[in-house]
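The values are calculated or read from the model by the stated rules, or taken from the named source; none is laboratory data. None of these values were measured; they are calculated from a predicted model. Neighbour counts are summed over all protein chains in view; Cβ atoms, including those assigned to glycine, are modelled from backbone coordinates with ideal geometry.
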Amino acid sequence: MTNIRSDVYKKSVTDNFYFLKNSKNIKDAYLKAIPIENSGFLLPVSQYHAEDEALLENLTRWRNENVEVYPTQFQATIESTRSWILNRLVMVEDRILFIVVDAKGSVVGHMGFNGCHNDKLFFEIDNVVRGNRSAEKGLFSKAMQCLIEWARKTINVEGFFLRVMDDNPHAIEFYKKNNFAENKRIPLIKEINGNTVLYREAGPGEEPIKYFVNMEFKPSIEKIGESLILTAGPSVSAKEGFYSYDAALKGWNSEWSKYLTKFERNFADYIGVKYAMATSSCTGALQIGLMALDIGPGDEVIVPDQTWVATANAVRYVGAIPIFADVELDTWNLDVKSVEGLITNKTKAIMPVHMYGHPARMDGLVALANKYNLKIVEDAAPAIGAEWQGKRCGSFGDFAGFSFQGAKLMVTGEGGMLVTNNDDLYKKALKIWDQGRNPNKVFWIDEEGVKFKMSNIQAAIGLAQLERVDELIEMKRRVFSWYEEILHDVPTITLNKEINEARSIYWMSSIRLDVDAPLSRNELMKILKSRNIDSRPVFPAISQYPIWPKQQSPQPIASLVGNQAINLPSGVCLSKDEVMYVARNIKELLSK
C-alpha cells in the first residue's frame, strides 16, 4: 500500500467526518443524514447537539442502562455527556456518532465509527446502543448495513471491525446476524480508579478476567450475480446534496455564481493552471478552445483514431477537418510517430486524449508541437487527476477540456470544464463562452459566440465532487488492483495497466483479448451479460464513420484495440466481492 493511498484515506476520513459534524442546526443535520431504507435516518451528531437537553438526557440514560458493555464504566451525568459530545466526538478527527432516528422521527439509539486513522484503512464500529427497546424490529440491522454501505461508497475504506465483551452474548449474536465473524480474543484485566472501572488489555503475566471479542465484517456474497453489475456509476455523498440544496435555495441574483466561481477557481488550482471555465459539456469546452485558437474551415487538427466521437466532432463543429492518427498499444493514446507522419501545412493543432484515464506521453507530443509550431488542445474528459511525469493532465496544452458526464469519475449529470494557462486565450475563450458579448457594452454582441454554460446548481455538485476527487481516484485505482489480482496471469489478455512515468486514474478498467483467445470479444461479452456482468466494447477506430469531411483508412493499432478490447465494470462504488466475481468469470471463460 503506498503512502499516497494511506494519506488520501486519512484526509478523506477527516474531511468527511468534519463536514457531517459541522451542522449548525437540525435542518443541516437532516440534509446530511444517511437514509435507512425508508425506516428512518442516521443523524450525525454535531456541536449543536450539546445544547439539546432532551437528547442529552436520553444519551445519559442509555449510557447508564448499558454501562456494563463499555470498557470504561462510570455513572454518566448530563454534563459528562455534554463534554463527551464536544470533546470526545466532535473534536476528534477520526470519530463520529450517528443518532438512529426512526421513520416517525423518534430517537431510538446510536452507533458510529472510531479510531479510523490507521494504516490498515479499517473503520471500527463503535457505540452501538439500542436505547428504545420498542423500536421497529430489524431497524438496527438496517441502520448498521446502511452505515457500512455509506462508508464503503464514500471513503476508500478497506474493511470494518468491532470489539464486544465476551459476556455480552446478545450483542455477539446480533453482530453475527449482520455478517460479522470473530477473528480473535483480546484478554482484559480490571482496574478501579475511584468511581470508574476500566477494562484494559492484559499484559504479560496478568490473568485476564474477561475478553474483548474482535469481530470483522464479512459481507455475504450469496446474492452477487443476481442483479446486473454495471460498467459505471458515481459516488455521491451527503456533501453533493447539501451544496446543491443550498444552490437551489439561495443561488439566485447576488449569489447566482457562488458555486460556479468557487468550482472554477478550485478546479484550476487542482489541475495546476491559471484559469478554468465551467461548460455544459466537454465537447463544448473543446469547441470553445478551438474557436479561441482561430481554428476553422480548411484547417486540420490531428486526433486519435481510438477515442469517443466527441473529440473529432469538436473539430468538425468549427469547420475544421479531423485527421486520424494511430495510437500506442501500451497506452491506447496518440502515437507521436503516427502524428508526425500526418502533419501538413494545413495542420494547426494536435488533440491528444488521455484514454480511459491513462495519460498520453505528453513530453513527446509537446516537443512535436513545438517543432512544427502547432497548438495542443487536450481532451482530458476521462482523466481528472491523472498525471504524466508528475504533472496533471490538462496542464500541458494551450487548452484542455474535462467531462463531468454521469459515468465519469467526477459527475454533475452533464457538464465540462475548459482550462488554460494563457491570459489572452482565456479572455478570448471567455468572450466566446458568453455568446460573443462585448464586456464593455451592455447587451452588445460583436464576435462569434456560443451558449455552453454550466448552471450554478451543477457547479455545486461539481464542487463537492472535486473536494472528494482524490479519494474517488484511489477507489478507482483499487478496483483495477482487484482485477489485476485475479487476471494478471491469464495468458490471452492484456490489462490496460499504467506505464512508467504515468499515474492513471483507471476511469475504466479494461482488457484487450489476443486475437487467438478461446472466445472472441463479442462472445465473451455475451456470456458475461448472461451472468449479470455488464461490459462494453472500447471505442472503434472512429475514422470509419461516414460523417467526416475527409475519409481515411482506419489505423492498425486503433483497429486492433477497437476490435479486441473491453471495458469492465469499473464503478467507483463496486465492492471487492463484485469485482472478484467479474474477474473469476473472465478467467474461467478464457482458460478453457
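Miscellaneous remarks
- Residue within region 87-97 that is in a strand (DSSP E or B) and either under 32 Å from the mean Cα position of the chain (by Cα) or closer than 27 Å to TYR30 by Cα (or both) present: yes
- Segments classed as helices (runs of 4 or more DSSP H), wholly inside region 474-592, with at least 2 members that are within 30 Å of ASP299 (Cβ to Cβ) and more than 30 Å from the chain's Cα centre (by Cα): 556-564
- Set side by side, the residues GLU447, GLU474, GLU484, GLU498 differ, and just one is in contact (Cβ under 8 Å) with a residue 12 or more places away in the chain, acidic (Asp, Glu), closer than 30 Å to MET525 by Cβ and surrounded by fewer than 17 Cβ atoms within 10 Å (Cβ to Cβ), which is GLU484.
- Check on ILE209, assigned by TED's automatic domain parsing to the domain that holds ASN22, surrounded by fewer than 20 Cβ atoms within 10 Å (Cβ to Cβ) and among the β-branched types (Val, Ile, Thr): yes
- Under the condition of being without any contact (Cβ under 8 Å) to a residue 60 or more places away in the chain and crowded, with 18+ Cβ neighbours inside 10 Å, the residues counted in region 130-149 number 4.
- Qualifying residue in region 151-170 (condition: in a loop (DSSP other than H, G, I, E, B) and of a type in the set (Ser, Thr, Tyr)): no
- Lone unmet requirement of (1) surrounded by 15 or more Cβ atoms within 10 Å (Cβ to Cβ); (2) over 20 Å from PHE98 (Cα atoms) for ASP119: (1)
- Between ILE343, ILE376, ILE350, the distinction of being outside the structural domain of GLN555 (by TED's automatic domain parsing) and surrounded by fewer than 19 Cβ atoms within 10 Å (Cβ to Cβ) belongs to ILE343 only.
- Taking the listed residues ASN64, ASN87, ASN127, the one that is crowded, with 19+ Cβ neighbours inside 10 Å and among the polar types (S, T, N, Q) is ASN127, with no other qualifying.
- Residue check: LEU524 meets all listed conditions (1) among the aliphatic types (A, V, I, L, M); (2) under 20 Å from TRP332 (Cα atoms); (3) out of contact with any Pro (no Cβ under 8 Å at 6 or more places or on another chain) but one, namely (2).
- All of (1) closer than 18 Å to LYS375 by Cα; (2) of a type in the set (Asp, Glu); (3) free of Cβ contacts under 8 Å to residues at least 60 places away in the same chain hold for ASP269 with one exception: (1).
- Taking the listed residues GLY397, GLY401, the one that is part of a strand (DSSP E or B) and of a type in the set (Gly, Ala, Ser) is GLY401, with no other qualifying.
- Where a residue in region 196-213 is at pLDDT below 90 and its partner, wherever it lies, is of a type in the set (Val, Ile, Thr), with Cβ under 8 Å and at least six apart: none
- Top-ranked residue of region 223-272 - restricted to ones that are of a type in the set (Ser, Thr, Tyr), part of a helix (DSSP H, G or I) and under 19 Å from the mean Cα position of the chain (by Cα), ranked as surrounded by the fewest Cβ atoms within 10 Å (Cβ to Cβ): TYR270
- Matching option when the condition is in the same structural domain as GLU264 (by TED's automatic domain parsing), assigned to a strand (DSSP E or B), surrounded by 20 or more Cβ atoms within 10 Å (Cβ to Cβ) and touching a residue at least 60 places away in the same chain (Cβ under 8 Å), among PRO359, PRO322: PRO322
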